[in-house]
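The values are calculated or read from the model by the stated rules, or taken from the named source; none is laboratory data. Because the structure is a prediction, the values reported are computed rather than measured. Virtual Cβ from ideal backbone geometry, glycine too; neighbours counted across all protein chains shown. To get the accessible areas, we keep the full protein, side chains included, count just its heavy atoms, and leave off ligands, DNA and RNA. Shrake-Rupley method; radii C 1.70, N 1.55, O 1.52, S 1.80 Å.
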Amino acid sequence: MLNIPHSYTGNGFTNVDFDKQGRQLGFVSIPHSPNGDAWGVTQVPIAVIANGEGPTVVIEGGNHGDEYEGPITIGELARDLDPATIQGRLILMPANNVHAVMAATRTSPVDGLNFNRIWPGNAMGSITEQIAAYVTHRIFPMADAFLDLHSGGSSLDILPSAIIEPTNDVELHRRNVAAVEAFDAPYTVVIANMGDQRTATATACAAGLITVGTEMRGRGTVSLDALEICRRGVRNVLAHLGVMEGTPPRDAGADRQILELSGAAAYVYAPTDGVFEPFHQLGERVSAGQPAGRVRRIWDLTAEPVTVHYGIDGIVYGQRHPGRVSLGNCCVVVASPYGRVAP
Ligand code: CA
């Protein structure tokens, strides 16, 4: 299962000392030589908070640049957490796709790449690939657990949820489910990204780390309820892992139904350009074959609206935020009961 080489061969460097106790705030710097800067660097923010003996937990935010609850939560921990209150080490990276974070875009404006589709990265690649390679080969080998804090981004609104990354490693799966349930989000969802292994969480699982994801609403804004869920959930997981004092809610996970995005049937795509008119709200129960909405070409009276249908029974888990859609855009996502019984 451990298919990640534990050696970093790139040119990235950092001004934090991973072996030092206490709090350090700094940067991972990746040499970057664009048109206006001959010998500059891309600076990726990082904090290390270490005290005594205990697990090392890496928390990532800003994997996509238009998702904010995670970066805010990580920033609060980095600045405000008293190192004396933890046992172990936190490596906090609130804005890993830093050019996208500064531009408030999903993908990097520097190389156009989606940071969550290029893992495990490439130390000889473009900036986005180099940042991922640094995390994979320099950060992950030090870590016991990885939290990747996403939201829906500008194009989606998603029910606040903690995410299980599927893995064929049965023991790791069991530990992942326990950690994700400790987060105690309103929903717990298995998301396989249609089997795509080029994500941060798939790479963390391949490296053997206990892995927790989130989806904290979206719409390209900060959601009050999701931010509070995120703050509490991260602390719950850190307590579960033994890094922080406290215990997760006693009933965390009790009677919790685990949902999943079950392959292509979970997604409703726009069949044409137009404006998507949804028929249901987030959280509503829907069934396969039921009309999900209409795509209307509002600029063409001769074009009939096109009805789209759900592909599976479940609840409306995610919904497109901008009304305007293009052919192939994701309009609705349905979460259904998880097929496999969690160990
Ligand atoms: Ca995301």
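Couple of notes before you dig in:
- Filter pass, residue 127 being more than 17 Å from residue 192 (Cβ to Cβ) and either more than 13 Å from the ligand (Cβ to nearest atom) or surrounded by 22 or more Cβ atoms within 10 Å (Cβ to Cβ) (or both): yes
- Among (1) farther than 20 Å from residue 156 by Cα; (2) open to solvent by less than 10 Å² (accessible area, probe 1.4 Å); (3) within 16 Å of the ligand (Cβ to nearest atom), the one test that residue 180 misses: (3)
- Residue that is farthest from residue 220 (Cα to Cα) [pool: residues in the stretch 279-299 that are open to solvent by 30 Å² or more (accessible area, probe 1.4 Å) and part of a strand (DSSP E or B)]: 291
- Within the stretch 205-229, tally of residues that are within 12 Å of the chain's Cα centre (by Cα) and either at pLDDT below 95 or in a helix (DSSP H, G or I) (or both): 0
- Within the stretch 300-316, residues that are at negative phi and open to solvent by 50 Å² or more (accessible area, probe 1.4 Å) have Cβ atoms under 9 Å from residues that are of a type in the set (A, V, I, L, M) and part of a loop (DSSP other than H, G, I, E, B) in these pairs: 306/270; 309/288; 313/288, counting only partners at least 6 apart in sequence or on another chain.
- The stretch 102-124, residues that are in a loop (DSSP other than H, G, I, E, B), within 15 Å of the ligand (Cβ to nearest atom) and more than 18 Å from residue 8 (Cβ to Cβ): 104, 105, 106, 107, 108, 113, 114
- Any hit, the stretch 315-323, residues being among the hydroxyl-bearing types (Ser, Thr, Tyr) and within 20 Å of the chain's Cα centre (by Cα): yes
- Among residues of the stretch 136-164, those that are within 16 Å of the ligand (Cβ to nearest atom), open to solvent by less than 10 Å² (accessible area, probe 1.4 Å) and under 21 Å from residue 238 (Cβ atoms), counted: 9
- Scanning the stretch 78-124 for residues that are among the small types (Gly, Ala, Ser) and surrounded by fewer than 16 Cβ atoms within 10 Å (Cβ to Cβ) yields 84, 103, 104, 112.
- The numbered conditions (1) surrounded by fewer than 23 Cβ atoms within 10 Å (Cβ to Cβ); (2) among the charged types (D, E, K, R); (3) away from the ligand (no atom under 16 Å from the Cβ) are all true for residue 219 except (3).
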